[in-house]
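Have a look at the structure below before the remarks.
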Amino acid sequence: MNLHAQETYPNRPIKFVIPFAPGGVTDLTGRTFAKYVSEALKQPLITENKPGAGALIGANYVARAPSDGYTMLLGTNVTHAINPQLMASTPYDPIKDFQPVAMFGLNGNVLVVNASFPANDFDAFIKYVKEKPGDINYASGSVGSSAHLAAELLKQEVKGLDYMHVPYNGPSEAMSALIGGHVDFMFANIGAAITQIKSGKIKAIAVTTAKREAQLPDVPTIAESGVPGFEVVGWMAAFLPKGAPPEVTTRLNQVINDAQANPELRKTLDAAALIPVVATPDGTTKFVQDEYAKWGRVIRDGNIPKL
């Protein structure tokens, strides 16, 4: 890219694709960042939801777009680490077809049980589950969700656990089933579960993040509760099609990272329990590759059938 082009980027609106339906923490995060990134670039980020096929439709749309910096994807662990290894076929390569730009943030899960479950901490939870092999069930919003794979990873890390997966049509249905006592436990998005926890409808056992969650300071991490290194986070990152000019990647990385410190942005996303992450393009690339390798192992070791 010549100097003149570098100085004038962007000189027209940028399409920002969110491969999920409107609503939820992913959509909220994308639209919140879009506002502040647009202001910094002095060009609109035109946010467009392209849901469907396990988020593959929107991701593939960006993978096939021109690599000129004017089409950007909000990619997640679903689009770049899980579904490409869980689906029987994927129309794009999550590693080879994209240029990672920057991280938007991480959102952790919390292990929650229904109000009548006879355990109030992680040790008691594990002990009870081991005493009831095959009798305990857990909910998730879908096969291949981080809620599903978090439970699979726990089973692989803590020997002697045997429980059944009950997938529902979305996390809200799964939460309703837990509150209603139809399932014993689930891994729920922290931001989505806090209200139910504080109301006493469900009990929080432990969080899946590396550090305790600010909004649940008395709830320990699984890692500190006897499973060292255990961490499961949903994550969101910006991606361009592979071949995007390095200067464009650097510019977008700068404005996204700068936006992380904006007080109004943080007020919105802290309320959704989104953990801020500032990373270089190279750091984002390594993070995505590590997540791809991690969840590939969990899927293979758990003998999770292809969708």
- Reported set for the range 240-257 where residues are over 20 Å from SER38 (Cα atoms) and in contact with a strand residue (DSSP E or B) (Cβ under 6 Å, 6 or more places away or on another chain) is LYS242
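For every residue, the table says whether it meets (1) in a loop (DSSP other than H, G, I, E, B); (2) in contact with a His (Cβ under 6 Å, 6 or more places away or on another chain); (3) under 28 Å from LYS159 (Cα atoms).
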| residue | (1), (2), (3) |
| --- | --- |
| GLY181 | yes, no, yes |
| GLY191 | no, no, no |
| ALA206 | no, no, yes |
| THR209 | yes, no, yes |
| ARG212 | yes, no, yes |
| ASP218 | yes, no, yes |
| GLU224 | no, no, yes |
| GLY229 | yes, no, yes |
- Restricting the search to the range 196-213, which residues are on the phi < 0 side of the Ramachandran plot and out of contact with any strand residue (DSSP E or B) (no Cβ under 9 Å at 6 or more places or on another chain)? LYS198, SER199
- Task: Within the range 60-107, work out how many residues are in contact with a Gly (Cβ under 6 Å, 6 or more places away or on another chain) and over 15 Å from TYR292 (Cβ atoms).
- Result: 3
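Filter the range 115-154 down to residues that are in a loop (DSSP other than H, G, I, E, B), open to solvent by 30 Å² or more (accessible area, probe 1.4 Å) and among the hydroxyl-bearing types (Ser, Thr, Tyr), then give me how many there are. Write out each step before concluding.
Restricting attention to the range 115-154, the residues satisfying the condition of being in a loop (DSSP other than H, G, I, E, B) are 115-121, 132-135, 141-145.
Next, from what is left, pick out any that are open to solvent by 30 Å² or more (accessible area, probe 1.4 Å): 115-116, 118, 120-121, 132-135, 142-143.
From what is left, the residues that are among the hydroxyl-bearing types (Ser, Thr, Tyr) are 116, 142.
Count: 2.
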- Within the range 49-107, residues being part of a strand (DSSP E or B), open to solvent by 30 Å² or more (accessible area, probe 1.4 Å) and either in contact (Cβ under 8 Å) with a residue 60 or more places away in the chain or at positive phi (or both) number 1
- Just wondering, is there one or more residues in the range 234-249 that are open to solvent by less than 60 Å² (accessible area, probe 1.4 Å) and modelled with pLDDT under 95? yes
- Within the set of pairs 6+ apart or on separate chains, which have a first residue in the range 19-42 that is under 20 Å from THR76 (Cα atoms), a second that is in a helix (DSSP H, G or I) and open to solvent by 50 Å² or more (accessible area, probe 1.4 Å), and C-beta atoms under 6 Å apart? THR32/THR268
- Hey, any hits in the range 219-226 for a residue that's open to solvent by 30 Å² or more (accessible area, probe 1.4 Å), within 22 Å of the chain's Cα centre (by Cα) and modelled with pLDDT under 95? no
- Task: Only one of these is exposed (fewer than 15 other Cβ atoms within 10 Å of the Cβ) and at pLDDT 95 or above: ARG212, ARG297. Name it.
- Result: ARG297
- Which numbered condition PHE20 fails, given (1) farther than 19 Å from LEU106 by Cα; (2) part of a loop (DSSP other than H, G, I, E, B): (1)
- Task: Of all residues in the range 23-32, count the ones that are part of a loop (DSSP other than H, G, I, E, B) and β-branched (Val, Ile, Thr).
- Result: 0
- Of the residues that make up the range 33-48, is at least one part of a loop (DSSP other than H, G, I, E, B) and more than 20 Å from ALA259 (Cβ to Cβ)? no
- Of everything in the range 281-294 that's open to solvent by 60 Å² or more (accessible area, probe 1.4 Å) and touching a residue at least 40 places away in the same chain (Cβ under 8 Å), which residue is farthest from LEU240 (Cα to Cα)? TYR292
- Message: Go through the range 258-280 and report how many residues are assigned to a helix (DSSP H, G or I) and touching a strand residue (DSSP E or B) at 6+ places or on another chain (Cβ under 6 Å).
- Response: 0
- All positions within the range 155-179 that are part of a loop (DSSP other than H, G, I, E, B), surrounded by 15 or more Cβ atoms within 10 Å (Cβ to Cβ) and among the acidic types (Asp, Glu): none
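The values are calculated or read from the model by the stated rules, or taken from the named source; none is laboratory data. Keep in mind the model is a prediction, meaning the values are calculated, not measured. When we count neighbours, we look across all protein chains shown, and the Cβ atoms used for this are built from the backbone with ideal geometry, even at glycine. The protein model used for the area step is the full one, side chains on, heavy atoms only, and it has no ligands, DNA or RNA in it. Shrake-Rupley method; radii C 1.70, N 1.55, O 1.52, S 1.80 Å.
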